[in-house]
1. With only alpha-carbon atoms in the gyration tensor, what are the semi-axes of the equivalent ellipsoid for chain A, in Å, largest first?
2. Out of residues 5 or more away from A:T59 or on other chains, whose amide H comes under 5 Å of its own, with H placed 1.01 Å from N in the peptide plane?
3. Could you point to the residue in A:N60, A:P259, A:T86 farthest towards the positive end of chain A's charge dipole, with +1 and -1 charges on the Cβ of Lys/Arg and Asp/Glu respectively?
4. Would you tally the net charge around B:A105, using a Cβ to Cβ cut-off of less than 14 Å, leaving B:A105 out, and scoring K and R as +1, D and E as -1?
5. Sort B:Y121, A:Y55, A:Y207, A:Y190 by Cβ crowding within 10 Å, fewest neighbours at the top.
6. Using a 10 angstrom cutoff on alpha carbons, build the Gaussian network for chain A and name the most mobile of A:T70, A:T233, A:T19.
7. Evaluate the charge dipole of segment B:25-86 about its Cα centre and quote only its size in Debye, nearest 20, assuming +1 on the Cβ of each Lys and Arg and -1 on the Cβ of each Asp and Glu.
8. Report D for chain B in µm² per second (integer): Stokes-Einstein, Kirkwood Rh on Cα pairs, 4 °C, 1.567 mPa s.
Amino acid sequence: MTATATMVTGAPRPSKPNTRMRLRVRNALIGWSFILPNFLGFALLTLVPVIALFYISFTNWNVFGVAHWTGLENFRRLLGDATFKTAFVNTLYYAVMHIPLTLVVSLGIALLLNTKLRGVAFFRTAAFFPYITSIVAIAMVWNLMFSPDYGPINQILRFIGIADPPGWLTSPQWAMPAVVIISTWRDMGYYMILFLAGLQTVPRELYEAARMDGANAWQRFVNVTIPCLRPTTFFVTVMLTINSFKIFDLILVMTKGGPGISTMVLSQFIWRKGFEENQFGYASAASVVLFLLCIVVTILQFLWNKRGSRA
Amino acid sequence: MSTILEAADESATATLLSAPRGRRPKATTPGKRAARLIGYLAMIIVAVALLVPFFWMISSSLKTSNDVFSVPVRWLPETFVWSNYVDIWTQTNLLTWIRNTLVLAVVVTFLQVLTGSFAAYGFARMRFRGRDILFLVYIGTIAVPWQSYMIPQFILMSDLKLSNTLWSIILLQAFGAFGVFLMKQFYETVPEELSEAARIDGLSEYGIWRRIMVPLSVPAIASLTLLTFVNTWNDYLGPLIYLRNPNLWTMQLGLQSLVSNTQDQNFALMFTGMTMSVVPIAIVFLLGQKYFVEGIATSGMKG
């Protein structure tokens with residue numbers, strides 16, 4: 001964070017500590033007055049709920065009763081809850097597929113767009129399109145496209161000779177891969193923009209120098225592009241991880257967690273316990289797990305990044 | 001946490017949308033020509049994969065309901081049923097949904113831009129104790145998924161009797177860290193000398209914000225406006241939790257109801273509804289594409 005210039009430089013230099021003090025207070029008051037309108041909303045709708053979350057997770061609050069402190073009871077219950085375990089594993093499974101796939105695809109498209117080929121402008125617009133489209137429309141169109149019997153995807157698969165194409169969203173094994181395909185399709189334009197921005201900061205001279213040294217395209221990619229993109233890749237990975245752990249709306253519209261609970265993720269477990277079964281305390285304990293998962297993994301990534309950039 | 005800013009800073013660039021530098025190279029060697037061919041081929045394949053669902057959506061919106069799932073796939077309607085676009089207005093509450101969504105999108109965008117740019121000035125240009133910590137708290141919430149605190153937030157809103165009113169969505173969306181972050185990134189690129197000169201001329205801090213920073217930051221405001229508008233228009237979970245009354249439904253909830261509620265599943269009408277929800281956003285996007293891309297590249301965040 002860069003330090004910004006102060007008012008003090010513009011104002012006459014105060015002679016007495018008393019005046020300086022008053023100026024400091026005045027500065028703080030003006031500063032706060034700028035931040036306050038936004039901060040009030042931010043505090044009420046984000047900070048207060050986050051703090052309340054931790055309290056509620058230690059209670060047995062439901063919609064009828066009063067909250068009683070039950071200590072770690074909710075967390076103990078989570079450990080023995082098979083549905084929760086499935087939701088947790090599914091979330092990780094989704095993340096493990098979605099993160100590398102999106103990284104590779106969006107970087108690939110960014111590289112393609114960074115060339116001097118004709119038509120890149122149109123292509124860039126097309127790549128970004130899914131990201132600005134409503135999740136409900138996307139989910140429905142893809143649901144129907146993936147429809148096992150009469151959806152276009154399986155019709156095409158049969159046409160090219162796959163006699164028994166997967167049941168996609170109706171099959172417990174194939175539902176999650178289908179969700180990953182769709183979410184990658186949706187997100188790649190967004191991450192592509194970040195990579196494209198990163199690519200354009202890579203100094204041209206480095207490529208020239210590498211070419212002089214006889215490096216081929218692949219060597220230039222590995223030894224120039226990848227190292228120079230490091231900050232971007234790091235940032236994209238952090239955002240991608242958080243966004244993977246909190247995946248929800250797409251799954252809710254597409255599969256509702258099904259078939260069975262084969263695509264149920266953490267967010268949906270929280271949703272079901274909280275809004276469908278009104279177990280606020282128990283749902284909050286699961287929320288704390290999601291919260292910590294995101295925070296801890298983000299911190300680990302930052303530490304990892306620091307270590308790597310020092311080496 | 002400041003690394004996140006550096007990363008975003010480094011990825012920020014104004015040249016994103018400019019044409020690639022240098023003149024178009026003439027393919028001299030067969031190798032180069034082959035590489036270009038592969039490049040075009042890859043581009044065409046990806047573009048088809050990207051656009052086919054949209055094509056199918058629009059094409060289906062003009063079919064008869066029975067024709068939507070014909071085997072084999074029929075990519076174009078046999079007869080164009082333009083009346084779907086008339087029926088959608090009479091057979092559904094499309095007008096109500098659009099009105100609610102527009103009200104939300106406009107109010108949220110206005111509040112987000114106003115309070116966000118105001119707060120950003122405080123963070124970027126004022127120096128006082130606790131400022132940096134406070135900003136860290138703002139940034140830190142990027143790593144906190146909304147899904148993890150939606151329950152306490154819902155309880156709070158219900159206690160405030162705001163649940164099941166449009167106000168709940170307005171409050172939910174209008175005060176995010178996103179706007180503050182994006183505007184602060186921009187304000188820090190404005191030379192301090194400008195405000196310094198204004199200060200000597202006797203302008204107050206509020207005056208500097210209004211007369212210097214706001215006019216200078218029109219591109220950033222455009223980015224924030226477009227991103228917020230699209231996000232509010234497309235938001236599904238917020239309205240799903242808070243807006244139970246069908247008269248308050250937004251476009252997304254309405255679409256969802258088209259799928260789940262109709263007994264006689266008119267698939268064509270469903271696709272018509274989807275097209276109607278996607279087209280306004282597509283137009284907004286095409287008009288303001290530059291600002292979208294720059295907004296995302298500078299902030300590195302979703303709204």
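Readers should treat all values here as calculations from the given coordinates under stated rules, not as data from a laboratory. Predicted model, so just to flag it, every value in this text is computed and none were measured. Backbone-built Cβ (ideal geometry, glycine too); neighbour counts: all protein chains shown.
1. Numbers: eigenvalues 318, 265, 65 Å².
Sorted largest first and rounded, they come to 40, 36, 18 Å.
2. A:T70
3. A:N60
4. Values: positive: B:R99; negative: B:D235.
Combined, the nearby Lys, Arg, Asp and Glu give 0.
5. Working: B:Y121 27, A:Y55 14, A:Y207 17, A:Y190 23.
Ascending number of Cβ neighbours within 10 Å: A:Y55, A:Y207, A:Y190, B:Y121.
6. For chain A, modelled as a Gaussian network with Cα springs under 10 Å, the answer is A:T19.
7. Values: 6 positive and 2 negative charges, 113 e Å.
Dipole magnitude for segment B:25-86 comes out near 540 debye.
8. Details: Rh = 22.7 Å.
In µm²/s, the coefficient rounds to 57.
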